[in-house]
Amino acid sequence: MPRVPFRGRRSPALTDEETRAHVAGAASAAAAEVAAPTAVEPDLTGAAFFDVDNTMMMGASLFWFARGLAARKYFSTRDMLGFVWQQAKFRIGGNEGNPDDMHTIRENALAFVAGRPVSEIVEASEEIYDELMADRIWAGTRALAQQHLDAGQRVWLVTATPVELASIIAHRLGLTGALGTVAEVRDGRYTGRLVGELMHGPAKAEAVLALAEREGLDLSRCTAYSDSANDLPMLSLTGHAVAVNPDTELRAVARARGWTIKDFRTGRKAAKIGVPTVGVAALSGGLVGGAIALRRRNKFPW
């Protein structure tokens, strides 16, 4: 087929400078059509406090932390067995357990990092979060935290896990910060002992009170979230309380007090009958059996 000559009017060729100016102008026009995001006005007196284990994350953060360290040969299988057993007793018994047991748990809570440089453990914690924790964050709970952030409120994690690990979790989730168990440090290394008490039960409420005083928060305008009746002191401290994936006792208290209940354990029997939390079941059951099996094989598959 013969080519038909073009008889229309051609646009004049653009120089490189004119082309760049044309593209820049088009981009500016397109950007002008997109409304600028509205800045969030800070709410200086309202805030939210989230428990971590089984509230923000599936299972116990300290267990996943220890598991990650075990994979890096920080301690033996026998040590892991003892740690699992102590954590199971702590989660089940809380502050009402045997005083001697609680003293032992407190003294040994961070024994597995004794002598290690803080910088080394923090670096390992970053890796362990990515490997074992990131995929275990409850999407529903994360969305609740985001609602507070979008409203201009600050959001803190409040947890028994070491504050260094808690701070990493908070940072990765884009939250304000974390209140956690404080480990003693000397010359840049952990001693394996704690400073003060475990961030558990009444200690959480005390820490939130101190934070509220320091930050000028109005606790009647604040909200607390937890899965466990152990956190009733913190939940009762704020003007709003939400039971997330609650254990049996907390579910009953929440219903009696008219608190909001959020359960993200869809498809799980625990969501229907309120059995002990996922972390307790894992620590006191399957993981202990798994650890015993590992001890027999004398190796870690992690």
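Open to solvent by 30 Å² or more (accessible area, probe 1.4 Å) and modelled with pLDDT under 50: does that describe Arg268?
On the way: open to solvent by 30 Å² or more (accessible area, probe 1.4 Å): yes; modelled with pLDDT under 50: yes.
When the stated conditions are applied, Arg268 passes them.
Listed here are the residues, each with its yes/no results for (1) open to solvent by 60 Å² or more (accessible area, probe 1.4 Å); (2) closer than 20 Å to Arg189 by Cβ; (3) at pLDDT 90 or above; (4) more than 14 Å from the chain's Cα centre (by Cα).
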position	(1), (2), (3), (4)
Asp53	no, no, yes, no
Ala66	no, yes, no, yes
Tyr74	no, yes, no, yes
Ala114	no, yes, no, yes
Ile121	no, yes, yes, yes
Glu127	yes, yes, yes, yes
Asp130	yes, no, yes, no
Thr141	no, no, yes, no
Ala145	no, no, yes, no
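For segment 207-231, which residues satisfy the criterion of being touching an Asp or Glu at 6+ places or on another chain (Cβ under 9 Å) and surrounded by fewer than 22 Cβ atoms within 10 Å (Cβ to Cβ)?
Those that are touching an Asp or Glu at 6+ places or on another chain (Cβ under 9 Å) and surrounded by fewer than 22 Cβ atoms within 10 Å (Cβ to Cβ): Ala212, Arg221, Ala229.
Exactly one of these conditions fails for Val182: (1) aliphatic (A, V, I, L, M); (2) surrounded by fewer than 21 Cβ atoms within 10 Å (Cβ to Cβ); (3) assigned to a helix (DSSP H, G or I). Give me its number.
Unmet condition: (3).
Being assigned to a helix (DSSP H, G or I), open to solvent by 20 Å² or more (accessible area, probe 1.4 Å), of a type in the set (A, V, I, L, M) and free of Cβ contacts under 8 Å to residues at least 60 places away in the same chain is the requirement here; does Leu235 meet it? Even if it seems obvious, please write down each step before you answer.
Details: assigned to a helix (DSSP H, G or I): yes; open to solvent by 20 Å² or more (accessible area, probe 1.4 Å): no; of a type in the set (A, V, I, L, M): yes; free of Cβ contacts under 8 Å to residues at least 60 places away in the same chain: yes.
No, not satisfied.
Starting from segment 191-206, keep only residues that are open to solvent by 30 Å² or more (accessible area, probe 1.4 Å), then list their pairs with residues that are modelled with pLDDT under 90 and among the charged types (D, E, K, R) whose Cβ atoms are within a distance under 8 Å, requiring at least 6 positions of separation or different chains.
Listed pairs, sorted by first residue: Arg193/Glu107; Glu197/Arg106.
Suppose we keep only residues that are in a helix (DSSP H, G or I) and among the basic types (Lys, Arg) within segment 247-268. Which one would you say is nearest to Asp227 (Cα to Cα)?
Arg251
The values are calculated or read from the model by the stated rules, or taken from the named source; none is laboratory data. Bear in mind that the values here come from a model prediction, so they are computed numbers and not experimental data. Note that we place each Cβ from the backbone using ideal geometry, even for glycine, and neighbour counts take in every protein chain shown. Quick note on the areas: whole protein, heavy atoms, side chains included, nothing else; ligands and nucleic acids left out. Shrake-Rupley method; radii C 1.70, N 1.55, O 1.52, S 1.80 Å.
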